[in-house]
1. Mind checking which residues of the stretch A:133-171 are closer than 21 Å to residue A:27 by Cβ, assigned to a strand (DSSP E or B) and over 11 Å from the mean Cα position of the chain (by Cα)?
2. Please find, among A:112, A:126, the residue that is surrounded by 15 or more Cβ atoms within 10 Å (Cβ to Cβ), under 25 Å from residue A:34 (Cβ atoms) and over 10 Å from the mean Cα position of the chain (by Cα).
3. Say we look at the stretch B:69-106 and pick out the residues that are within 14 Å of chain A (Cβ to nearest Cβ) and not in a helix (DSSP H, G or I); which of these is farthest from residue B:34 (Cα to Cα)?
4. Can you tell me which residues in the stretch A:104-114 are touching a residue at least 60 places away in the same chain (Cβ under 8 Å) and either assigned to a helix (DSSP H, G or I) or within 14 Å of chain B (Cβ to nearest Cβ) (or both)?
5. Residue A:48 is checked against (1) part of a helix (DSSP H, G or I); (2) free of Cβ contacts under 8 Å to residues at least 40 places away in the same chain and fails just one. What number does that condition carry?
6. Starting from the stretch B:10-35, take each residue that is at the interface with another protein chain (Cβ under 9 Å from one of its Cβ atoms) and surrounded by fewer than 22 Cβ atoms within 10 Å (Cβ to Cβ) and list its partners that are in a helix (DSSP H, G or I) and modelled with pLDDT under 95, counting only C-beta distances under 6 angstrom and pairs at least six apart or across chains.
7. Give, as residue ranges, the helices (runs of 4 or more DSSP H) completely inside the stretch B:151-251 that count at least 3 residues that are modelled with pLDDT of 95 or more.
8. Is it the case that residue A:121 is under 30 Å from residue B:315 (Cβ atoms), within 14 Å of another protein chain (Cβ to nearest Cβ), modelled with pLDDT of 90 or more and part of a helix (DSSP H, G or I)?
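The values are calculated or read from the model by the stated rules, or taken from the named source; none is laboratory data. Computed from a prediction, not measured in an experiment: that's the story for all the values here. Note: ideal-geometry Cβ built from the backbone for every residue, glycine included; neighbour counts use all protein chains shown.
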């Protein structure tokens, strides 16, 4: 196992909170009536971010936005390469996606391959009217023609750097850090 | 914080439960829980095993296990070929190893095998680079059946640890019983086996089970009862004077269940001999989870196929 050698903190807890509030408002701006909006969090950290966004909608607009979770393991394109030994987590979408506007939520946007897998999986659940993408961090280096609609923070990185998003639900603290695998 | 993510599946085959650790068994059950959702989707298919080929090689008749494996493989997008040996070159005298190597030469990734000889799956797995999944070998083990029984128990009761589980029927000739005993005891359940004395193998207590020939004793305090099929094709029937007598002495009836816990879970690996192991009103009654077992079998077999395929890919890359 390679180790993460931290270089700098990018976001602290307060900044993550404010960023999510801003992103929630951007969703609202793009769809003021919140018509047929659903949130789909990508396992693992995307799910917690989606839950927080759902809570902000409830608090500020007093609306309940449906929330689903997506585990893309079974749709990965690297299942048969480089020693991937994935853990299969749960996909849970308890509502019909047909004609909904999906906001896909993930922590870090990097190559775009996770999103490709997520889109394939979503389409097996129905035919949404539109799919948009929300990420906390966009670190560049796309390998597919994919872009995010709502971006928390753009962080220019080099290929050998990594971005770690830590969330209190899983990691005991809210922060985003940049570092290198050593 | 979430734990349990540290353990990985590293075996290319699934041959038995005897040689699995508690953690490995729990990993299969956990993975199966994730796979169960796939069968509830409108598109009941995920691309996880796209491009893989699975051969079902069955040396004994089987409907539900073979179909369950076939459905599982297809829901993972694998290609499936079924070989029933009655209509194959096995009839011309080809040995098991030769058959296996020929199948492997077709670039098949996973062989799911049922064989009437105990140990056949282990022997084949040693000879092949392809993954081998034991779908029942003689009187030895039937690991996926026990896994789906445990999955069903865990789903119904939330745990395995500390449960009282009674297995009733032909213990001597039953691979289902043996796999269940290994799996349940590893996960901390207390297992009782119940059968006419002649159908209880000597020294079975050494596996850590309680033995009785009294059905009331097996039912008392049990959280679940797993009723085995009387295997008339495998000599079970010679052990007692008549089927009616077996039913009278060991058959599970509504009347008998009155002495058991009210919400006792009744399982059966199928196919049921109605009126021999259990009465119809029990088989179709509220305590029965027999059809849920069939549904859960798909999820468990999807998990097993997925895990062995991943592990085998990993092994090949490392070399």
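1. Within the stretch A:133-171, A:153, A:154 qualify.
2. On inspection, the qualifying residue turns out to be A:126.
3. Per the stated criteria, the residue is B:78.
4. A:114
5. Against the list (1) part of a helix (DSSP H, G or I); (2) free of Cβ contacts under 8 Å to residues at least 40 places away in the same chain, residue A:48 comes up short only on (2).
6. Partner pairs satisfying both residue conditions: B:10/B:311.
7. Output list reads B:175-186, B:215-219.
8. When the stated conditions are applied, residue A:121 passes them.
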